[in-house]
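Take a look at the structure set out below.
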């Protein structure tokens, strides 16, 4: 049962109905049971790990709070984080480290006998581990009280709408919402349904339509440079549609239960710089990295070079978190480099813009910055998408070759689509862009829509549903669900 | 008592709210939306139901309704489906081939419809480039009406009913129906005979290569080879006369699927089986290779080619003493 299925919609409808039917004091049981059932359906073998991690974090949180001195609290917190990261490391990074050692040993002609281990990555472990770490750190700093109600705490750990791939929430935000009695509210239900429908729209009409097209190029042993350029751009569109759809569905589901989750995206492909990009892309993860990696790394550092080193290290953590492969490490490093380079050259770039009088046309200047940022992000995603480091460098070379950017070559590369598929994709892509355009000029497209006539609103809702039903492609898992 | 009365009071509260304007509004809205969506969906659903691809198994369905004894059965993929027309030869024939049909479904169909084969009847097992690399996950919908449910793997109840009654819910089926309606709406370079069929053959080659790589990774080749042996054993057990065939292709296709490639895709697995049955390989038959007029596209025969080819097979089967 994935989010994009009739089974999930039925499951969720039953949960919502029951949730508002039963008294508040029993709702946590329902949410917890629903979360565990949802997880069990997807990955029953890792339920014990989820339960163990929950119990461990719960107990550790209380122990931290009970310590009298800051030093003791720190010690317990570090032990707690170590254990949580050990679970994550064992399942996610064991083979990565093992393979790396084997490669080094082969290169150095050493004897290394530890074979490859068949280890399956537990579903959502990367996400719930981050929530657990932030919980323990927040208790240590006194920003969060250790939760005593085991039921509420367990929901925080495994709340099914955001369990699989976020948004990554802090206990401070989520726990109080579970405790407050949520009233049946028309606005919440209405808004939640719209967000879910929009998530389905992006996932089935953009992301999953693009997935096989992108794969056909990246799986091809001999793609042309123009195909790599086009497929990388399409992959960026796919990745955003896929991940933001997942967040939309999570936010929509939670909203229908009266719970507000954090926004995870703010049109990242319209960012004017890499710094701006990271304030718009996977926001809850970026803020987590800022609060729990970057700021502690910067503690006591004043030199620019030290801050830059902290930035690069933070992005390396980001890369390795995404996937246990060197391609992700390189991807993280590239973003760290972008960020440092961007900061270092900020003044110079400003002067250059003044020199060529670009700053006198702010609209043009802004769009040039958007285009450059987007292309830089796309380039990094060559590494994100490629299956191996060798393949990634070959593809990156193709991406950077001027010949690959010939307009005629790019036009020809569109033939990776069938003509019919291309027309259908472009139509829905334009719809999404119009939606984003309205959002950029208004606070929310949904609010803008509610100011329109009832006919226009209904036509839009019906258009979304009919499009998903008829043209929607399903069957692909969520990309971030695999992290 | 409190435990019992509290849900009840909540229920009352909800029902009061449902009666109220707020929830009523949502209910009315949803009803209107669902009604309009349904009304719009009906013609689309009918469009898919009437499409060629949805009815690709119509010959099998017609046979299932009114079965009759047959002299010859052919199995296989679209290459086989477009290749046989025995009516002029006087043979009664059942075509059990479907596009991208796996050897597993060849076997399932044979078990289901083999009983209608006359004593000493002939079974043509068509071997194509994808026979051993093909996997079973796609196109199960084609078999919902022609096979027993228990034969369908994996069987999904929701997919089963949606295939029967709401096929337009599957975008793949809708896309096929749409593509069938706009057959010529293709890139110039994607037209079947552009560049003398080379573009088509190259794309097909890349697709088959990718499928083959996947099959190697998933270890499906060994299963398919084993399935072929099982099917041949089944035929001899039942007293059917079996022949393996490979249908003709056009020159451009043969250039991509040359001896070396075919050896990699097919023969290296077929030879070690040492099957004691005839293998009629027409793939590079000179009567077809250079005659484009016998083909719809570089690897599928048209009605003209079908007639000619079926006569040739008929005569060769006679020579073998099968007919």
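Data for the structure
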| read-out | value |
| --- | --- |
| Acute angle (nearest 10 degrees) that the helix B:220-238 long axis makes with the longest principal axis of chain B, alpha-carbon atoms | 70 |
| For B:36-45, mean number of other protein chain Cβ atoms within 10 Å | 3 |
| Relative exposure of B:78, A:100, judged by other C-beta atoms within 10 Å (fewest first) | A:100, B:78 |
| Percent of beta bridges antiparallel (DSSP, chain B, rounded to nearest 5) | 10 |
| Beta bridges by DSSP in the protein assembly as shown, antiparallel share as percent, to the nearest 5 | 10 |
| Over segment A:188-482, relative contact order from alpha-carbon pairs under 8 Å, at least 6 apart, % | 28 |
| Rounded if a/c under 1.5, otherwise prolate or oblate - segment A:6-182, Cα gyration tensor axes | oblate |
| Helix B:103-113 vs. chain B, principal-axis angle (Cα, 0 to 90°, nearest 10) | 90 |
| Highest-MSF residue in chain B out of B:155, B:295, B:86 [GNM, Cα springs under 10 Å] | B:155 |
| Cβ neighbours within 10 Å from other chains - mean over B:168-175 | 5 |
| Residues B:148, A:343 arranged by fewest to most Cβ contacts within 10 Å | B:148, A:343 |
| Peptide ranges B:157-163, A:269-275, A:108-114, A:319-325 listed from the most packed, as the mean C-beta count within 10 angstrom indicates | A:319-325, A:269-275, B:157-163, A:108-114 |
| Rounded to 10°, Cα long-axis angle of helix B:303-319 versus longest principal axis of chain B | 50 |
| Ordering of A:52-59, A:327-334 by packing [mean C-beta count within 10 Å, highest first] | A:327-334, A:52-59 |
| Separation between Cα centres of segment A:298-327 and segment A:405-443, rounded to whole Å | 35 |
| Alpha-carbon centroid distance for the pair segment A:330-373 / segment A:127-182, whole angstrom | 38 |
| Inter-part distance where segment B:237-293 and segment A:1-53 are each reduced to a Cα centre, Å | 54 |
| Gyration tensor (alpha-carbon) shape descriptor, segment A:318-390, a/c threshold 1.5 | prolate |
| Shape category assigned to the protein assembly as shown from the gyration tensor of Cα positions, a/c cut at 1.5 | prolate |
| Shielding by other protein chains, B:178-184, mean Cβ within 10 Å | 2 |
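All of the numbers you see were taken from the coordinates with simple rules; none came from a lab. Model, not experiment: these values are computed from the prediction. Note that we place each Cβ from the backbone using ideal geometry, even for glycine, and neighbour counts take in every protein chain shown.
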